[in-house]
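Have a look at the structure below, then the notes.
Just so it is clear, none of the values below were taken in a lab; they were calculated from the coordinates. Because the structure is a prediction, the values reported are computed rather than measured. Note: ideal-geometry Cβ built from the backbone for every residue, glycine included; neighbour counts use all protein chains shown.
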């Protein structure tokens, strides 16, 4: 029994690390998107086309089979919509706005789960989401502007579709999850790539290398990590850990553009990191206590 508990704990920790690495790799999107002077849908299409080969290689290497069901189709639609909306938001508004507004997804996730799935959350879950959103708001307080309304609306819609993605991929088997994500890439490529016929698409060395980096490093490998993490992490956990992305984004901006984060950004970053860390520890303890509770009376009354 002791060995089983240790395995479960290490696996849980590994899943959290996989999700954190996934979010860290997601965070480089803004840098490379700005280097590609293409239409947003064209960028999204080629990025997903490259990423689809990474996902397919992983699926084949893992011995999984591709499934086309109602569930995988739903995953493909909401995930593909997230890809298209996020790239569009980055083109219509600032990268900071796009990422900040997309991370309304935990709120959407709680709302959808409570209203439509009748799922109950503990006060600690709600508090964690509230503090996380507060941290993200503080993080971009000195940058988020009321202008560029369309881009802000698109980014918020990306938050909704991202919440649906977390929900649909969170409680299904590996083949369904990875098939859905793979078909999401194909859907995005099918919608985005043909747009090059109607928009100027200069294939410069910088543009091509940036799209390859986006497809492999920023999208392909991270979604393999996300697929692995979702086996052990419930949707809300994945959603909260993924806020590592907006925290790291200004770090890359500082390293590549020399922009220094403001005081509010630093406070917001600390708020999010501490909230997610303590919430994950608290959640794991609550779940362990809940599993152990029924076993105690049974042991006392054989």
Exercise. Working from Cα positions, state the angle (0 to 90°, nearest 10) between the long axis of helix 244-257 and the longest principal axis of the chain.
Key: 40
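List 67, 118, 231, 177 from most exposed to least, where exposure is judged by having the fewest other Cβ atoms within 10 Å.
Numbers: 67 17, 118 7, 231 14, 177 25.
In order of increasing Cβ crowding within 10 Å: 118, 231, 67, 177.
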Practice problem: In Å and from the alpha-carbon atoms only, list the Rg and Dmax of region 144-256. | Solution: 16.4, 44
Exercise. For residue 288 and residue 74, calculate 0.36 nm times their separation in residues minus their Cα-Cα distance, and state this gained length in nm to one decimal.
Key: 73.8 nm
Quiz item: Just from its helices, what would the mean residue ellipticity at 222 nm be for the chain, if runs of 4 or more DSSP H residues each count -39500 (n - 2.57) and the sum is divided by every residue, rounded to the nearest 500 deg cm²/dmol?
Solution: -25000 deg cm²/dmol
Practice problem: Round to the nearest 10 and give me the degree value, 0 to 90, for the angle of helix 263-292's Cα axis relative to the longest principal axis of the chain. | Solution: 30
Exercise. Return the distance in nm (one decimal) between the two label points of a simple spin-label model at residue 14 and residue 134, each offset 7 Å from Cα along Cα→Cβ.
Key: 3.6
Quiz prompt | Which of 175, 245, 200 has the fewest Cβ neighbours within 10 Å, and the rest in rising order | solution = 200, 175, 245
Exercise. Can you tell me how much longer the chain between residue 205 and residue 251 gets when fully stretched, taken as 0.36 nm per residue apart minus their C-alpha distance, in nm with one decimal?
Key: 14.0 nm
Self-check item: Efficiency of FRET from Cβ geometry, residue 149 and residue 190, R₀ 22 Å, rounded to 0.05
Solution: 0.15
Exercise. Quick one: compute the contact order of the chain, relative version, from alpha carbon pairs under 8 angstrom and 6+ residues apart, as a percent.
Key: 39
Quiz item: Gaussian network model of the chain, Cα springs within a sub-10 Å range: biggest mean-square fluctuation belongs to which of 165, 19, 64?
Solution: 64
Quiz prompt | Pair residue 231, residue 121: separation of 7 Å Cα→Cβ label points (nm) | solution = 2.7
Exercise. Send over the Kirkwood Rh of region 36-283, from the inverse of the averaged 1/r over different Cα pairs, rounded to one decimal Å.
Key: 18.6
Quiz item: To the nearest 10 degrees, how steep is helix 174-192 against the longest Cα principal axis of the chain, on a 0 to 90 scale?
Solution: 20
